[in-house]
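Heads up: the structure comes next, in structure tokens.
Each reported figure results from applying straightforward, stated rules to the coordinates on display, with no laboratory input. Source: prediction; values computed, not measured. Neighbour counts are summed over all protein chains in view; Cβ atoms, including those assigned to glycine, are modelled from backbone coordinates with ideal geometry.
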Amino acid sequence: MGKRALITGGDSGLGRAAAIAYAREGADVAINHLEAEQSDADEVLALIRAEGRKAVSIPGDLREERFCRRLVETAARELGGLDILVNNAARQQTKPTIGDITSEDFDATFKTNVYAPFWLTKAAVERMQSGAVIVNTSSVQAGDPSEDLVDYAMTRAAVLNFTKSMAKQLAGKGIRVNAIAPGPFWTPLQVSGGATPEKLRSFGAESPMGRPGQPAEIAGAFVAAADPALSYSTGQVFGATGGEGQPG
């Protein structure tokens with residue numbers, strides 16, 4: 001209640017679920033998204049406002065350091081401060097071999113998935129007070145990578161490592177840093193190049209639950225990762241994998 005959160009990739013998938021859940025718990029929420037996704041973002045803004053909370057939309061490309069800094073500044077100004085940063089936006093493209101991953105692809109994936117959380121965290125820490133929380137989205141890919149998601153899996157491992165090192169670095173300032181590690185979830189990542197048509201037909205079937213998760217089923221993990229009641233939990237990995245286990 002009363003917290004102020006910035007969520008990247010908040011227009012769809014896991015970010016959308018987190019934004020709605022935070023609003024229902026009493027937080028004001030700013031979401032970042034690409035300009036082309038404004039119609040999706042407008043739906044989320046309406047859902048946040050329906051809970052009586054302030055909603056802010058800040059479109060832009062996270063692959064640009066200058067924009068990342070401006071994003072944090074704008075969110076903090078519009079919300080009156082910043083208590084929670086959720087680094088959730090990601091890029092995932094399936095490629096059968098390493099030879100199919102161009103340098104442009106590699107750069108785009110790392111800038112979205114690794115550089116942006118680094119830039120955003122750097123800017124957010126300058127404004128955060130004791131009691132603030134940073135929540136990063138990683139993946140089971142960090143510990144059990146798929147053969148055709150090489151660059152994506154590398155970034156998810158980097159985010160997990162980043163979470164743990166920042167948790168140690170910021171503990172003295174009273175800022176907690178946790179990670180969410182999803183298994184197979186239905187999100188736009190899969191249908192926008194993150195999985196082949198063949199994989200989509202059986203996506204999630206290998207999990208013990210025999211199906212992929214829906215974004216609403218992980219929203220509670222984002223809430224828990226930032227919950228003030230869990231004040232001793234930092235550097236933690238909150239998993240939602242349908243029984244597949246999670247990276248340590």
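At q = 0.13, 0.18, 0.19, 0.20 Å⁻¹, what log₁₀ I(q)/I(0) does segment 1-154 have when each alpha carbon counts as one equal point scatterer in the Debye sum?
-0.58, -1.02, -1.11, -1.20
Could you give the size of the charge dipole of the chain about its Cα centre, using +1 on the Cβ of each K and R and -1 on the Cβ of each D and E, expressed in debye and rounded to the nearest 20?
With Lys and Arg at +1 and Asp and Glu at -1, about 900 debye.
Quick check: net charge around Val29, other residues with Cβ under 15 Å of its Cβ, Lys/Arg +1 and Asp/Glu -1?
Net local charge, Val29 excluded: -1.
So what's the back-of-envelope 222 nm ellipticity for the chain, counting only DSSP H runs of four-plus at -39500 (n - 2.57) apiece and dividing by all residues, rounded to 500? All intermediate terms of the calculation are to be shown ahead of the outcome.
Working: 8 runs with 92 residues, N = 248.
One gets -11500 deg cm²/dmol as the mean residue ellipticity at 222 nm.
For segment 7-92, count the residues as N, evaluate 2.2 N^0.38 Å, and divide the Cα radius of gyration by that value, please.
Rg over 2.2 N^0.38 Å, computed on Cα atoms: 0.97.
Angle between the Cα long axis of helix 13-24 and the longest principal axis of the chain, 0 to 90 degrees, nearest 10?
For helix 13-24, the angle is close to 30 degrees.
Please build a GNM for the chain, connecting alpha carbons under 10 Å apart, and tell me which residue among Arg127, Arg63, Arg201 fluctuates the most.
Answer for the Gaussian network model of the chain: Arg201.
From the backbone phi of segment 144-150, what are the Karplus-calculated ³J(HN,Hα) couplings (6.51 cos²θ - 1.76 cosθ + 1.60, θ = phi - 60°) in whole Hz, Gly and Pro given as x?
Working through the residues one at a time gives 9, x, 7, 5, 10, 10, 4 Hz.
Along segment 151-158, what does the Karplus equation 6.51 cos²θ - 1.76 cosθ + 1.60 (θ = phi - 60°) give for ³J(HN,Hα), rounded to whole Hz, x for Gly and Pro?
5, 4, 4, 4, 5, 5, 5, 4
Cross-chain or 8 or more residues apart, Cα under 17 Å: how many lysine pairs in segment 4-240 fit that? Count them up, please.
Number of lysine pairs found: 6.
Provide the packing ranking of 1-7, 226-232, i.e. peptides ordered by the mean count of other C-beta atoms within 10 Å per residue, highest first.
Listed from highest to lowest mean packing, they are 1-7, 226-232.
Sort Lys54, Lys168 by Cβ crowding within 10 Å, fewest neighbours at the top.
Ascending Cβ contact count within 10 Å gives the list Lys168, Lys54.
For every other residue with a beta carbon closer than 14 angstrom to the beta carbon of Leu47, add +1 if it is Lys or Arg and -1 if Asp or Glu, then tell me the sum.
Value of the local net charge: -2.
Can you give me the angle between helix 65-79 and the longest principal axis of the chain, using Cα atoms only, in degrees from 0 to 90, rounded to the nearest 10?
Computed tilt is about 40 degrees.
Find out how many positive minus negative residues lie around Gly143, taking Lys and Arg as positive, Asp and Glu as negative, among other residues whose Cβ is under 15 Å from that of Gly143.
Once all neighbours under 15 Å are counted, the net charge is -1.
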